[in-house]
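The block underneath contains the structure these notes are about, expressed in structure tokens.
We did not get these values from a lab; they are worked out from the coordinates using the rules stated. Remember, predicted model here, so these are calculated numbers, not experimental data. Methodologically, a virtual Cβ is constructed for each residue, glycine included, from the backbone with ideal geometry; neighbour enumeration extends over all protein chains shown.
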Amino acid sequence: MKRKIKSTLIVSLLVWTVGVLPNIAVGQQTRIVAPKNRYKLSDDIKLGKQASAEAERQFPILNDAITTDYVASVGQRLVAAIPREFQHPEFTYRFKVVNANDINAFALPGGPMYVNRGMIQAARNEGEMAGVMAHEISHVALRHATAQATKQSSIGNQLGMLGMILGGAIVGGQAGAQAGAIGAQAWMLKYSREYESQADMLGAQIMANAGYDPHDLANVFQTIEAQGGSRGPQWLSDHPNPGNRYDAINHEAQYLNVSSNPIKMTSGFERVKSRLSGMAPARSSAEIQRDNGRNGGGNQGGYENQSPTANGRYSRSVDYPSSRTRTYTGGNWVSLRIPDNWQDFSTSSQVTFAPAGAYGNQGITHGAMIGISRSNSRDAYQATQDYINELLQGNSYLRQRGSLLRTTMSGLQGYTTQLTGRSDVTGDTEIVTVYAALMRNGDLFYLETVSPQSESADYSNAFRNMVSSVRLVDR
Ligand SMILES: [Zn+2]
């Protein structure tokens, strides 16, 4: 059972911001206004520190001074070119190369940035590599991670990722060492289109200020699309096209003061590319996470480390849910009791509970998820069905077994139904039971439980106790 493909929160944010122009064109170049943010700069820094520690537990950092120094020098040149109003002297931009062959890069709040080896190898010149980095730096400088959390809270979603992360749920405490693939998604934030557009515009301005050609920022999106194949889409899906991205960046470029001889191909870039191609091939991020599981590394045993048995099924190695429970509290608005041998993993829109061995980068095989889905419908039945349709889209092997039945959760009228289908991960029929209730503020609260059909009897008590223990503070 996977998370929904698209966060409904992001979808709802788009709806919510219709009519708001994120970038205001004044005269010529786009004037960028950093989005509203109710967090302190020190929150960005704290968040980035925690997430970078987690990232470096999971991903191998390339240990090659020449490559790292080169990437850092490009990064520092870009950082020095950030327009004054977005420079936060408190932030520390630093750059590392991840030894993974997929085309990806990410920057964390407050400045830590990681560029995959595959991204450098895919770029056609230094300008294209700088383009990706300028785009990432722009998200950091505009404080998009904390701005997004600000916005989510302001529309009544108390499951904002910051409350969770700063409360230690993701990278500290319980889940810290075992966050694995699910935890990873928490810091590989998917940005809204509005923020994407801002990062493109500021990225183009930084490129020009730094002596690069902003067109290379536009070009690199095409390069990634063209070379991406199975290695590429992650960066593009984390940075969705706000619409006409290529044209918008090139349009912006004509208003910028671009050097007549911008930095394109450099000897440093050529040298690093040839060093990288001479090294042993890198694994993909997915392979790295799988191996982490095998070696008891950061991801302590996902289902990937189970070996298929003779009939091609995965052997059972997930512990029974403990009959002892612990209380999970999220953001002062929800609590419930979960088996005390389950971990919790938060992302910006969802909290997942699962035992060791039941989670991996394809979702969970045993456990439960809770979250908030912003609904367009004020009708609980319709809102629940809309949510389920979305869930089915992201998990195409599942089918809804029947219509919605009435239930109550935390005293609220709600609906429940079952989805079933054969899971590729376990080779077994999976049962997903969805419970949802519409809160007074219009948000749909959902809880879904997941287990293989063959083990459902072992889980029924645990699931029933979870559902009955849910307490929502309905604002
Ligand atoms: Zn982006």
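Listed values, structure above:
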quantity: Cβ-Cβ FRET estimate between residue 389 and residue 440, R0 fixed at 22 Å, reported to 0.05; calculated: 0.40
quantity: Cα-Cα over 31 Å, subset of 40/273; 46/273; 49/151; 36/273; 151/273; calculated: 40/273; 46/273; 36/273; 151/273
quantity: Gap separating the Cα centres of segment 255-293 and segment 363-393, nearest whole Å; calculated: 40
quantity: Length added when fully stretched, residue 406-residue 236, from 0.36 nm per residue minus Cα-Cα; calculated: 57.2 nm
quantity: Label point distance in nm, residue 33-residue 264, each placed 7 Å from Cα along Cα→Cβ; calculated: 3.8
quantity: Mean Cβ neighbour count within 10 Å, used as a protection proxy, ranking 262-271, 124-133, 399-408 highest first; calculated: 124-133, 262-271, 399-408
quantity: Cα centre as origin, Lys/Arg/Asp/Glu Cβ charges: segment 75-155 dipole, Debye; calculated: 80
quantity: Sequence-distant aspartates and glutamates (8 or more away, or on other chains) whose Cα lies within less than 17 Å of residue 264; calculated: 126, 128, 213, 216
quantity: Point-to-point label distance, residue 420-residue 396, nm (Cα→Cβ direction, 7 Å offset); calculated: 2.3
quantity: Those residues of segment 440-475 whose amide nitrogen sits under 15 Å from the label point placed on residue 322, 7 Å along Cα→Cβ; calculated: 462
